[in-house]
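What follows is a set of notes on a single structure, which appears directly below.
The values are calculated or read from the model by the stated rules, or taken from the named source; none is laboratory data. The shown structure was predicted, so the numbers you read here are calculated from the model rather than taken from an experiment. With ideal geometry, Cβ positions are generated from the backbone for all residues, glycine too; neighbour counts draw on all protein chains shown. Note: accessible area is taken over every heavy atom of the protein model, side chains too, but ligands, DNA and RNA are not part of it. Shrake-Rupley method; radii C 1.70, N 1.55, O 1.52, S 1.80 Å.
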Amino acid sequence: MQDELSQKQTGLAGVWSVRSRLEAALATCWQAAIVHPALRNVPDLQGQIALRRVDAPMGVVYSSAIAPRLAANLGIPTEDLAIRLAERWTASTVDKADWADSSLRVAQKHLVQVHLGDRLLAAWLQQFSRPAESQSPDFFPEPEPDRAIWNSALLTHVQPSPGRLQDERLQDERPQDQFLQDKRFQDQWFEMQAAHARCCNLLALAERVGLVRFELPGAIEGELAWPMPLPWLTAEGTLRTQAPAEQRLIGHLLDSVDALGSIQHGSAIALAQSLSRCVYDFDASCRIFGDVAVHQLELAQARLGLVRAAQQTLRWLLEEPLQVAAPSSL
């Protein structure tokens, strides 16, 4: 895999998009599958794969509906083309470590679906053990004047009372309908900010009780020093984090990073809300401390890896496209 894609597709420093890399790999592979002297007007597949993540009972699945579109251009039955694309991918990835444990199948006779391998997911999640340096991509517009005022006001939400008094004065100056709309925005921000703070609290507690260590004690935003790498995989090579809440969190982390290359303010809100709710679900369903830390240390550490990934992603979504504070405590 090449790192150039990651720099273009995400503002989370060093974290690459699985969807972008998979689309590029499929395009290269499938382009060779459809090039044939008997076929005319063969399209360029770069940028045409259009993968989307779909819900699956277990694991992570990306799906493409490219076969019907290609079949119409090439004069090949859709199902035959889908099978040809699947076979080509299987043959081309046998000796490639990046995708070797990812499988591809044809669903509903026309959808080509890739089931990501656990080793690939472990490598992707491990990236979050490094510090995320916030970057401001050029595609983020300046906030609108009224939104800028209220983003600034929201920053005072976690400040001492004088800031709150100023916030109340701003509220009093606005029409009632505008006040109610901004109140909804503030409620949304708080839900996301609280999820980020919860992640920070869990990481800080984990360091205090010795489950993880950071390079600089107490600096949970910094480099993870131990364990390195995190124990994502069992001895059999399967992902430890297989519980439904863990799988949902991984899926939403993938969605968030996949979307960063073209994110807008509205979609950033939706992504941050969905990710926040996954964090709350994970926190309620998946224990880290107590008996789990004592008897299943590696599972506890892998779950902390998910917390770290969620914290970094939420922080980026809050501070960059949404331009609000990402507090470490409330």
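When you check Leu297 against the structure, is it touching a helix residue (DSSP H, G or I) at 6+ places or on another chain (Cβ under 8 Å) and among the aliphatic types (A, V, I, L, M), yes or no? In short, no. Cβ-Cβ contacts under 6 Å between residues 6 or more apart (or on different chains), taken from a first residue in region 35-57 that is at negative phi to a second residue that is of a type in the set (Phe, Trp, Tyr) and at pLDDT below 85, are listed as Leu45/Trp30. Scanning region 6-41 for residues that are assigned to a helix (DSSP H, G or I), closer than 24 Å to Ser256 by Cβ, modelled with pLDDT under 85 and open to solvent by less than 30 Å² (accessible area, probe 1.4 Å) returns a single hit, Ser6.
Here Val94 does not fit the description of being buried (at least 18 other Cβ atoms within 10 Å of the Cβ), modelled with pLDDT of 50 or more and farther than 25 Å from Cys199 by Cα. Restricting attention to region 42-72, the residues being charged (D, E, K, R) and in a helix (DSSP H, G or I) number 1.
With respect to the stated conditions, Ala56 fails to be touching a strand residue (DSSP E or B) at 6+ places or on another chain (Cβ under 7 Å), more than 18 Å from Ile34 (Cα to Cα) and surrounded by fewer than 16 Cβ atoms within 10 Å (Cβ to Cβ). In region 99-113, the count of residues that are over 19 Å from Ala50 (Cα atoms) and either modelled with pLDDT under 85 or in a helix (DSSP H, G or I) (or both) is one or more.
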